[in-house]
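Scroll down for the structure; my scribbles are underneath it.
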Amino acid sequence: MNRNQQDVIEYLQEEIRVLKELIGKKPRFNDDQRRRLASKGKRLCRKALNRFCGLVTPHTLLAWHRRLVAQKYDSSKRRRPGRPRTKAAIQELILKLARENRTWGYTRIQGALANLRHDISRGTIANVLKAAGVEPALTRRNGMTWREFLKAHWEVLAATDFFTAEVWTGRGLVGYHVLFVIQLATRAVEIAGVVAEPTESWMLQMARNLVDPWTGFLTSSRLLIHDRATVFSKKFRKLLRSGWVEPLRLPARSPNLNAYAERFVRTIRQECLGRMVFFGESSLRRAVDEFVTHYNQERNHQGLANQLIRPTATRFPSEGNLCRRIRLGGLLNYYYREAT
């Protein structure tokens, strides 16, 4: 009997060798076949399995068996949900507090959230800031961006710059320089002076006019932004400081840092200077004065919620005769209702 069993085993092994030669590659089994082979192979030890020339190695059979045992004790499908994610609204609030308060650490933000009835741990705050790429407070509090500087000094901040216009004179076409100052908070504009070629003595006189304690345009301002033009000399800046106005020189080639002044230059060019031809200095002065009056009193500004800078009336009646105020021959118009 043992001899017959051995002959059967040898025949089956040879049959497996022939099948492997015919297949020519590693056979692929489905899950049911793996289960059947693994359960049968587990009854034999590795030494006994090594004597057979099977379709798979003993190591593979035992690995399949371990996988069957792991599936028996797998409870992932019955596992309850873990800790819920932090709500998106809370994450946005954490990022808002961190970005608007660069000196606040995790504990300070946690206290601010507690004031708003949100019980959030320091670890959660740290994870939210880290995922959003916001650096810790020790790194955020160092230095100050221009945007933060402008917001901190918004009410006392003004800017100055030049724009030019070509004027026909007896000497031909002459380029005139117009010096203006704009208050960033209110957008109000003041023309400081008009001259063909600004000199240092002329600039010093303009500075005296701007910081005059009774009629100066900069009496309510404490900081004045200007570029690095040579006309803004040391004497000019010293004279501003004597009137309690600190000059702020911009970095070289950075017009975007004086964006409000640059935007006014674009506005006056598009709506006035680019649509007129000037004969003599007086015609330029009249056009600039008319536009600045229109700009400050009659022009709606998108940056101020589409409101007027200095409205001439405290309220606008909804009934009455429709009136039109014409400036520069109809180039600038203002419509209002006449109070009854």
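The values are calculated or read from the model by the stated rules, or taken from the named source; none is laboratory data. In this text the structure is predicted, and so the values were computed from the model without any measurement. A quick note on method: Cβ atoms are made from the backbone with ideal geometry, for glycine too, and the neighbour counts reach across all protein chains shown.
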- request: Starting from residues that are part of a helix (DSSP H, G or I) and under 28 Å from Val174 (Cβ atoms), keep the ones in segment 244-260 and report whichever is modelled with the highest pLDDT.
  value: Asn258
task: Please find, within segment 84-133, the residue that is nearest to the chain's Cα centre (by Cα) out of those that are assigned to a helix (DSSP H, G or I) and among the charged types (D, E, K, R).
output: Arg99
message: Show the residue pairs meeting these rules: Cβ distance below 8 Å; 6+ apart or different chains; first residue within segment 68-82 and in the same structural domain as Asn30 (by TED's automatic domain parsing); second residue among the polar types (S, T, N, Q) and not in a loop (DSSP other than H, G, I, E, B).
response: Leu68/Ser39
- prompt: What number of residues within segment 313-340 satisfy the criterion of being of a type in the set (S, T, N, Q), more than 24 Å from Leu184 (Cα to Cα) and assigned to a loop (DSSP other than H, G, I, E, B)?
  reply: 2
message: Looking at Arg263, Arg286, Arg299, Arg310 in this structure, which one is more than 38 Å from the chain's Cα centre (by Cα) and either in a strand (DSSP E or B) or closer than 21 Å to Ile191 by Cα (or both)?
response: Arg286
field: Out of Phe291, Phe279, sole residue that is farther than 22 Å from Thr186 by Cβ, in contact with a strand residue (DSSP E or B) (Cβ under 8 Å, 6 or more places away or on another chain) and in the same structural domain as His177 (by TED's automatic domain parsing)
entry: Phe279
task: With respect to Arg208, determine if the residue is over 30 Å from Gly280 (Cα atoms) and assigned to a helix (DSSP H, G or I).
output: no
